[in-house]
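A quick write-up on the structure given underneath.
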Amino acid sequence: MAVTTVSIDDLNIIKKCEDGFEFEYLDAQGKDTGIFFTVLGAHAAKVQKWAFKQLNSQRSQAAILAKRGKAEEVRTVEDDVEFAHELMAIRIIGWRGITQPYTPELAVSLCANNPLIVEQVREASENLANFTKSK
(Lines give C-alpha, C1' and ligand atoms only; values in the text may rest on other atoms or scores of the structure.)
Protein backbone atom coordinates (compact mmCIF):
# COMPACT_ATOMS: atom_id res chain seq x y z
CA MET A 1 0.00 0.00 0.00
CA ALA A 2 1.38 3.39 -0.98
CA VAL A 3 2.04 5.89 1.76
CA THR A 4 0.36 9.23 1.21
CA THR A 5 1.56 12.36 2.90
CA VAL A 6 -0.36 15.55 3.43
CA SER A 7 0.47 19.03 4.55
CA ILE A 8 -0.62 20.28 7.96
CA ASP A 9 -2.59 22.89 6.00
CA ASP A 10 -4.65 20.09 4.46
CA LEU A 11 -5.73 19.11 7.98
CA ASN A 12 -6.83 22.61 8.99
CA ILE A 13 -10.58 22.13 9.40
CA ILE A 14 -11.06 25.65 10.77
CA LYS A 15 -9.67 27.14 7.54
CA LYS A 16 -11.70 24.76 5.37
CA CYS A 17 -14.87 25.80 7.21
CA GLU A 18 -14.22 29.37 6.01
CA ASP A 19 -15.03 28.29 2.45
CA GLY A 20 -18.73 28.75 1.85
CA PHE A 21 -20.90 25.72 1.11
CA GLU A 22 -24.08 26.23 -0.90
CA PHE A 23 -27.18 24.09 -0.44
CA GLU A 24 -30.77 24.27 -1.59
CA TYR A 25 -33.40 24.94 1.05
CA LEU A 26 -36.06 22.24 1.05
CA ASP A 27 -39.64 23.01 2.06
CA ALA A 28 -41.50 21.16 4.82
CA GLN A 29 -42.38 18.38 2.36
CA GLY A 30 -38.72 17.97 1.38
CA LYS A 31 -39.21 19.55 -2.05
CA ASP A 32 -36.77 21.85 -3.85
CA THR A 33 -37.55 25.55 -3.46
CA GLY A 34 -35.06 27.26 -5.76
CA ILE A 35 -33.69 29.08 -2.70
CA PHE A 36 -30.01 28.53 -2.03
CA PHE A 37 -28.00 29.43 1.06
CA THR A 38 -24.23 29.68 1.33
CA VAL A 39 -22.98 28.88 4.81
CA LEU A 40 -19.74 28.75 6.73
CA GLY A 41 -18.80 25.63 8.62
CA ALA A 42 -19.56 25.52 12.33
CA HIS A 43 -15.82 25.58 13.09
CA ALA A 44 -15.05 28.64 10.95
CA ALA A 45 -13.03 31.27 12.78
CA LYS A 46 -15.72 33.91 12.17
CA VAL A 47 -18.40 31.70 13.73
CA GLN A 48 -16.26 30.73 16.71
CA LYS A 49 -15.09 34.32 17.29
CA TRP A 50 -18.69 35.58 17.36
CA ALA A 51 -19.85 32.83 19.76
CA PHE A 52 -16.86 33.31 22.07
CA LYS A 53 -17.40 37.09 22.15
CA GLN A 54 -21.06 36.67 23.11
CA LEU A 55 -20.36 34.08 25.80
CA ASN A 56 -17.37 35.98 27.20
CA SER A 57 -19.51 39.12 27.45
CA GLN A 58 -22.11 37.22 29.47
CA ARG A 59 -19.44 35.81 31.77
CA SER A 60 -17.84 39.22 32.24
CA GLN A 61 -21.16 40.74 33.24
CA ALA A 62 -21.73 37.91 35.72
CA ALA A 63 -18.24 38.42 37.19
CA ILE A 64 -18.83 42.17 37.60
CA LEU A 65 -22.11 41.51 39.41
CA ALA A 66 -20.43 38.90 41.62
CA LYS A 67 -17.68 41.38 42.58
CA ARG A 68 -20.34 43.88 43.59
CA GLY A 69 -22.09 41.23 45.66
CA LYS A 70 -25.13 41.25 43.43
CA ALA A 71 -26.98 38.23 42.18
CA GLU A 72 -26.31 37.21 38.62
CA GLU A 73 -29.09 38.10 36.20
CA VAL A 74 -30.98 35.05 35.07
CA ARG A 75 -30.88 34.45 31.32
CA THR A 76 -34.34 34.02 29.91
CA VAL A 77 -35.40 31.36 27.46
CA GLU A 78 -35.96 34.19 24.99
CA ASP A 79 -32.29 35.19 25.38
CA ASP A 80 -31.22 31.64 24.60
CA VAL A 81 -33.49 31.42 21.55
CA GLU A 82 -32.19 34.77 20.26
CA PHE A 83 -28.61 33.57 20.75
CA ALA A 84 -29.37 30.37 18.82
CA HIS A 85 -30.91 32.32 15.93
CA GLU A 86 -27.95 34.68 15.77
CA LEU A 87 -25.52 31.76 15.94
CA MET A 88 -27.15 30.23 12.87
CA ALA A 89 -27.48 33.57 11.08
CA ILE A 90 -23.74 34.29 11.46
CA ARG A 91 -23.11 31.09 9.48
CA ILE A 92 -25.15 32.34 6.50
CA ILE A 93 -22.95 34.39 4.19
CA GLY A 94 -25.18 34.66 1.15
CA TRP A 95 -28.27 33.46 -0.68
CA ARG A 96 -29.91 33.13 -4.07
CA GLY A 97 -33.61 32.99 -4.89
CA ILE A 98 -34.69 35.55 -2.30
CA THR A 99 -35.81 38.96 -3.53
CA GLN A 100 -33.91 40.96 -0.93
CA PRO A 101 -30.14 40.98 -1.19
CA TYR A 102 -28.30 39.21 1.61
CA THR A 103 -27.48 41.24 4.72
CA PRO A 104 -26.50 39.92 8.16
CA GLU A 105 -29.57 41.65 9.65
CA LEU A 106 -31.93 39.94 7.21
CA ALA A 107 -30.24 36.61 7.96
CA VAL A 108 -31.05 37.08 11.67
CA SER A 109 -34.65 37.97 10.82
CA LEU A 110 -34.95 34.94 8.54
CA CYS A 111 -33.62 32.62 11.24
CA ALA A 112 -35.95 34.13 13.83
CA ASN A 113 -38.93 33.45 11.56
CA ASN A 114 -38.19 30.06 10.01
CA PRO A 115 -37.11 27.11 12.19
CA LEU A 116 -36.86 24.87 9.12
CA ILE A 117 -34.20 27.13 7.62
CA VAL A 118 -32.40 27.21 10.97
CA GLU A 119 -32.31 23.41 11.07
CA GLN A 120 -31.05 23.10 7.50
CA VAL A 121 -28.37 25.75 8.08
CA ARG A 122 -27.26 23.88 11.21
CA GLU A 123 -27.12 20.56 9.38
CA ALA A 124 -25.17 21.94 6.41
CA SER A 125 -22.81 23.93 8.61
CA GLU A 126 -22.04 21.09 11.01
CA ASN A 127 -21.50 18.46 8.30
CA LEU A 128 -17.71 18.60 7.93
CA ALA A 129 -17.91 16.57 4.71
CA ASN A 130 -19.37 19.69 3.08
CA PHE A 131 -16.10 21.52 3.75
CA THR A 132 -13.50 18.80 3.29
CA LYS A 133 -14.32 17.44 -0.14
CA SER A 134 -11.50 17.46 -2.65
CA LYS A 135 -11.79 20.23 -5.18
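Restricted to segment 102-116, and to residues that are in contact with a helix residue (DSSP H, G or I) (Cβ under 6 Å, 6 or more places away or on another chain) and touching a residue at least 24 places away in the same chain (Cβ under 8 Å), which residue is surrounded by the fewest Cβ atoms within 10 Å (Cβ to Cβ)?
A112
Any idea how many residues of segment 117-135 are hydroxyl-bearing (S, T, Y) and exposed (fewer than 12 other Cβ atoms within 10 Å of the Cβ)?
Total meeting the criteria: 1.
If you take the residues in segment 32-70 that are among the small types (G, A, S) and loosely packed, with under 11 Cβ neighbours inside 10 Å, which one is nearest to K15 (Cα to Cα)?
So in segment 32-70, the residues among the small types (G, A, S) come out as 34, 41-42, 44-45, 51, 57, 60, 62-63, 66, 69.
Those left that are additionally loosely packed, with under 11 Cβ neighbours inside 10 Å: 34, 57, 60, 69.
Numbers: G34: 29, S57: 25, S60: 29, G69: 42 Å.
Within segment 32-70, the match that is nearest to K15 (Cα to Cα) is S57.
Please specify each residue of segment 18-31 satisfying the condition of being closer than 23 Å to L116 by Cβ, out of contact with any strand residue (DSSP E or B) (no Cβ under 7 Å at 6 or more places or on another chain) and not polar (S, T, N, Q). Spell out the reasoning first.
We begin by selecting, within segment 18-31, every residue closer than 23 Å to L116 by Cβ; these are 20-31.
Keeping just the survivors that are out of contact with any strand residue (DSSP E or B) (no Cβ under 7 Å at 6 or more places or on another chain) gives 28-31.
Listed by number, the residues that qualify are A28, G30, K31.
Inside segment 115-135, can you point out the residues that are of a type outside the set (D, E, K, R) and in contact with a strand residue (DSSP E or B) (Cβ under 9 Å, 6 or more places away or on another chain)? Break it down into steps so the answer makes sense when it comes.
Step one: list which residues in segment 115-135 are of a type outside the set (D, E, K, R), which gives 115-118, 120-121, 124-125, 127-132, 134.
L116, I117, Q120, V121, A124, S125, N127, N130, F131, listed by residue number.
So, T38, is that one of a type in the set (S, T, Y), over 18 Å from N130 (Cα atoms) and modelled with pLDDT of 95 or more or not?
On the way: of a type in the set (S, T, Y): yes; over 18 Å from N130 (Cα atoms): no; modelled with pLDDT of 95 or more: yes.
Criteria not met by T38.
So for segment 73-83 (the condition being polar (S, T, N, Q), modelled with pLDDT under 95 and more than 30 Å from V6 (Cα to Cα)), does at least one residue qualify? Reasoning before the result, please.
Kept after step one, since they are polar (S, T, N, Q), are these residues of segment 73-83: 76.
If we keep only those that are modelled with pLDDT under 95 too, we end up with 76.
Adding the requirement that they be more than 30 Å from V6 (Cα to Cα) leaves 76.
Yes, the conditions are met somewhere in segment 73-83.
Name every residue in segment 70-101 that is part of a helix (DSSP H, G or I) and without any contact (Cβ under 8 Å) to a residue 12 or more places away in the chain, in order of residue number. It would help to see each step written out before you state the result.
Residues of segment 70-101 that are part of a helix (DSSP H, G or I), as a first pass: 77-89.
Of everything in segment 70-101, those that are part of a helix (DSSP H, G or I) and without any contact (Cβ under 8 Å) to a residue 12 or more places away in the chain turn out to be V77, E78, D79, D80, V81.
Out of everything in segment 102-135 that is part of a loop (DSSP other than H, G, I, E, B) and more than 21 Å from A28 (Cα to Cα), what residue ends up being modelled with the lowest pLDDT?
To start, the set of residues in segment 102-135 that are part of a loop (DSSP other than H, G, I, E, B) comprises 102-103, 114, 127-128, 133-135.
Now drop any that are not more than 21 Å from A28 (Cα to Cα), which leaves 102-103, 128, 133-135.
Numbers: Y102: 98, T103: 98, L128: 95, K133: 77, S134: 64, K135: 53.
Selected residue: K135.
The values are calculated or read from the model by the stated rules, or taken from the named source; none is laboratory data. A quick note: this is a predicted structure, and the numbers were derived from the prediction, not measured. With ideal geometry, Cβ positions are generated from the backbone for all residues, glycine too; neighbour counts draw on all protein chains shown.
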